[in-house]
1. Return the residue satisfying two criteria in turn: it lies in the stretch 1-20 and is surrounded by fewer than 24 Cβ atoms within 10 Å (Cβ to Cβ) and within 16 Å of the ligand (Cβ to nearest atom), and of such residues it is nearest to ILE184 (Cα to Cα).
2. Being outside any helix (DSSP H, G or I) and within 14 Å of the ligand (Cβ to nearest atom), is that true of even one residue in the stretch 221-228?
3. For ASP83, which of the numbered conditions (1) within 30 Å of LYS133 (Cα to Cα); (2) of a type in the set (D, E, K, R); (3) surrounded by fewer than 23 Cβ atoms within 10 Å (Cβ to Cβ); (4) under 20 Å from the mean Cα position of the chain (by Cα) fails to hold?
4. Considering the stretch 126-143 alone, what residues qualify as being surrounded by fewer than 16 Cβ atoms within 10 Å (Cβ to Cβ) and either assigned to a helix (DSSP H, G or I) or without any contact (Cβ under 8 Å) to a residue 40 or more places away in the chain (or both)?
5. Tell me which residues, restricted to the stretch 112-163, are closer than 18 Å to SER98 by Cα and more than 15 Å from the ligand (Cβ to nearest atom).
6. In the stretch 63-90, how many are in contact (Cβ under 8 Å) with a residue 40 or more places away in the chain, within 14 Å of the ligand (Cβ to nearest atom) and more than 11 Å from LEU123 (Cβ to Cβ)?
7. Checking the condition of a type in the set (Val, Ile, Thr) and part of a helix (DSSP H, G or I), which residue from VAL181, VAL146, VAL157, VAL151 passes?
Amino acid sequence: MDRFDVSGRTAIITGASSGLGRRFAEVLHDAGANVVIAARRIEKLHELASHLPRSRAVGCDVTRHDDRVALVAEAREAFGSIDILVNNAGVSGPVVPSEVQAWEQWENTLAVNLSGLFGITQLVARHMLDQGKGSIINVASIFGLVGSAPVLDSAYVAAKGAVVNLTRGLGAEWADRGVRVNAIAPGWFPSEMTDHMVDNERSQRYIARSCPMGRMGHEDELDGALLFFASDASSFCTGQTLAIDGGWTAI
Ligand SMILES: NC(=O)c1ccc[n+]([C@@H]2O[C@H](COP(=O)([O-])OP(=O)(O)OC[C@H]3O[C@@H](n4cnc5c(N)ncnc54)[C@H](OP(=O)(O)O)[C@@H]3O)[C@@H](O)[C@H]2O)c1
């Protein structure tokens, strides 16, 4: 199990104020890492940080250059190095046909899910390349691998598809300099983003029909993939996207 050890390493997790990001922060912290938790809602981050002794909460809107620079500077100031970056911040919806999707929705979804992700990656990668080591984990989606109809959100599909291919591109680019870039593509998991689906009969029927396992993921079912990519257990793995989706993308 030593290969999965991340103790003493420092991880930045974006979008850690709720949902999957909050869980990622807790799991990496439990596995021994220092965690820098970032999002816009600082009060939620402070609440999370109160349970995590080796943490620093940083208010950050990933679409803002100055916030990204400040986040990376605060992480280095707090813990010295940055060894793991989990690019998890994301938005989706509202669900609308593409021909009437508002331009603002397109721009905001791309700004958060793709440009913000790349902006932070660039800053963190400079530091990781200097230290000759680091693991970057992008949170993509099954909708970066397949289309999303009947859940109509072309901006989300475009952004997540780009994240999957950006993961390949950066993984190959930095492979011989010690920095690995991989992605997790979750199926449906409970979070603020999917809250409206959890007790909705129509949504649950759609999931039961489309997912071979017939259900949403459980809160702990991304933990293994996260720790695999974050740690030396995946030392020969880069540019890859692992779908954790109950078989959604297998059919
Ligand atoms: N849940 C699923 O079924 C599922 C499936 C596939 C992929 N994903 C992906 O998983 C990631 C996490 O989503 P979630 O399901 O956990 O939803 P969530 O509970 O809504 O979490 C989204 C997080 O992103 C943060 N965020 C949004 N805009 C931001 C911005 N401009 N700057 C900084 N942080 C921002 C939010 O924090 P603030 O509002 O505090 O800024 C929040 O912490 C997303 O990338 C999502 O696309 C989720």
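Bear in mind that the values in this text are calculations on the coordinates, not laboratory data. Here the structure is a predicted model, which is why all the values come from computation and not from measurement. Here Cβ is always computed from backbone atoms with ideal geometry, including for glycine, and neighbour counts include all displayed protein chains.
1. GLY19
2. yes
3. (3)
4. Of everything in the stretch 126-143, those that are surrounded by fewer than 16 Cβ atoms within 10 Å (Cβ to Cβ) and either assigned to a helix (DSSP H, G or I) or without any contact (Cβ under 8 Å) to a residue 40 or more places away in the chain (or both) turn out to be ARG126, LEU129, ASP130, GLN131.
5. Once the filter is applied, which keeps residues that are closer than 18 Å to SER98 by Cα and more than 15 Å from the ligand (Cβ to nearest atom), the stretch 112-163 yields ALA149, PRO150, LEU152.
6. So the count comes out to 6.
7. Result of the check over VAL181, VAL146, VAL157, VAL151: VAL157.
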